[in-house]
Amino acid sequence: MGKINQLNEHLRNMIAAGEVVERPAGVVKELVENAIDAQATRIELQIKQGGIDSITIIDDGIGMDKEDAELAFERHATSKLKEEADLWNIHTMGFRGEALPSIAAVSQVTLKTNNGSEANEILISFGEKQAVRQTAAPLGTMIEVKNLFQKTPARFKHLKSPQYEFSLILDIIQKFALAHPEIAFYLAHDGKNVFQTKGNNRLQEVLMQIYGRDVAKSAIQIDGKDFDYHISGYAAQPQYHRATKYYMTLFINQRMIRSYHLQKAIIDAFHIYMPKDRYPIVVLNIEMDSQLVDVNVHPSKWEIRLSKEKQLEKLVYQTIDQALKNKLQVVQAELPKPKEKPEITELQFTYERDPKLKKLHEEVNEGFLHPEQLPPLDLKEISAKMKEPIPQKEVKTDRTTTVNAQEPIVEEPKIAYPQKSRPNIKKVEYEEKKEPISLAETTISQNKKEGQSVKIAEKQQEESSKTEAVTHQKSQNECLPIMEVIGQFHQSYILAQGEAGLYIIDQHAAQERYHFEVIKQQILSGNNDAQSMLIPITIEAEPAVRIRLKELNQAMEALGIVFEEFGNNSFIVRDLPTWMQQIDEQAFLQDLIDQWMAEETVDESKLRHLAIATMACHSSIRFHRNLSLAEMQQVVADLGKCEQPFHCPHGRPTFICISDDQLTKQFLR
């Protein structure tokens, strides 16, 4: 006897808060839902330190009188339900009557409300009512939540950085804006405007605010219905895909929900239009009879139970599939923008510019496009050579007369253009033309030159042999069976025979494996250099990334990638690791941000593996290419130099074997 105690009201509220209020984003969700239920047309949110310091929400709804305002902080007090039948016919966002008392139990709350006839203020500190008084306030309700979880250290210590907590709040408000385009939302963090909508009931405009102009402009309108359900919303063109499921947003009667089965129906409709492990950008609102859905599953109200769920899945799939077939657009190739030529101050030479030298001077000036790539020029030396007296040249005509002409003898400079079209100007040497020499002297001179050429060729061949020896220093892998090439099948597979039987080699996968290991070895040998981009790469991302930009750059520090803010939802990257130079950098960086937002971590080894595998794939032999016998033998020889020759970097087998026993059984011998 006496072991069981009945908990007091304050302790019950604190326990209930653990289910309703997990972090600042949960507080924002509950309070914004109350504002929507109050018929607000504009909702303003002022957040400080990610909501840990304070959360202020102001709406222009219908407000409350003094009696209702006090009763709102009592447990299970709500204006949404009156009797048991109402629980199966819910048309409002809130209905449980637990949000306000739960929030007030773990924070300091100030409520100001005006219903048009009276305005009142209520102060509550960690569950204890401090004051109730009349005040001056505009029509609607203002509620301020401060010092959240200050007296519940177990909950407080599990909060993350203010930037992370605010990114969750921003995600919630963006979902509200997508569900209610008729409401104007204004969100600020530490006094800085972060997100804002006009409330003009244009969903496509809200899409532009969140996902960018290109996605919103080309988005496909979704509209489908049957006897029980009506589906509406937008789906981005398949070319705008993402690396996570985070961008599929679902609402039922404008209530944000999570549903694995509905997400799967969307993915199934898109899967033939986009690569594997890529996900679409979709916003869907499903209108239905409230009696077909049970929202009273969890206090957070994210989980639901549906009647006729299979019917709804089929409708979602068919509606999206039909919309894609009717309105699918051709993927627009993004051509690189022409590089603007910077204005360059031209060198002003002090001597008279001969027409034949004019081209040389122009090329010298062109060389200053990339001065960091050029050797220092000795202008004094060039000027001195230019001022030397030009030797007289005797020109014999057919009348045996001798004419003296002044003609500068200038060698045309050979301009070499290596990678990135960076000119490399050779030093021009001016030599006096000598008198003609005898035939014997000419022969001796030619022999000397030929001897020097032979020596140079031998030296180059020796260096090439050394380089080849270093490149192919790996010996045949003992695990790989000896295979003798006998032909090619369908211009895609190499056929070879060996002791065990017939080998069928995937020519693309085999060479992809070899190139992967070669590139990986180059990178692991210490090639961690970064390359500056002539034109920075621009990335579009949602506002939540901008809020957590510092954390993102800290995670990318090991990769040598730095994102810089460039406009509201744009970022630029000026330097990239050299091992990313042969892949689509913009798409790779976009996936990098998506994965970081979903997992909050960046695995450098996985990223390197992905990038190297992509480079190896792009540089390997493709299917349906006819190979000569020598090329096929080289593919097999390269495969034998791999440490792991049995699978390509993506996990597919490089070759299979049909044994003699299997062939014997198939031919009934």
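Assorted remarks:
- Qualifying residue in segment 167-185 (condition: touching a helix residue (DSSP H, G or I) at 6+ places or on another chain (Cβ under 8 Å), farther than 20 Å from R255 by Cα and either surrounded by fewer than 23 Cβ atoms within 10 Å (Cβ to Cβ) or not assigned by TED's automatic domain parsing to the domain that holds D59 (or both)): no
- Positions within segment 21-59 being among the β-branched types (V, I, T), within 33 Å of the chain's Cα centre (by Cα) and not in a strand (DSSP E or B), in sequence order: V21, V27, V28, V32, I52
- Segment 99-118, residues that are buried (at least 19 other Cβ atoms within 10 Å of the Cβ), within 17 Å of D59 (Cβ to Cβ) and among the small types (G, A, S): A99
- Single condition K146 does not satisfy, out of (1) at pLDDT 90 or above; (2) under 24 Å from V545 (Cα atoms): (2)
- Single unsatisfied condition, Y246 versus (1) part of a helix (DSSP H, G or I); (2) of a type in the set (F, W, Y); (3) over 21 Å from A544 (Cβ atoms): (3)
- So Y211, is it of a type in the set (S, T, Y), touching an Asp or Glu at 6+ places or on another chain (Cβ under 9 Å) and not assigned by TED's automatic domain parsing to the domain that holds T56: yes
- Considering residues of segment 599-640 that are among the aliphatic types (A, V, I, L, M) and not in a helix (DSSP H, G or I) only, the residue modelled with the highest pLDDT: L627
The values are calculated or read from the model by the stated rules, or taken from the named source; none is laboratory data. None of these values were measured; they are calculated from a predicted model. Reconstructed Cβ throughout: ideal geometry from the backbone, glycine too, with neighbour counts over all protein chains shown.
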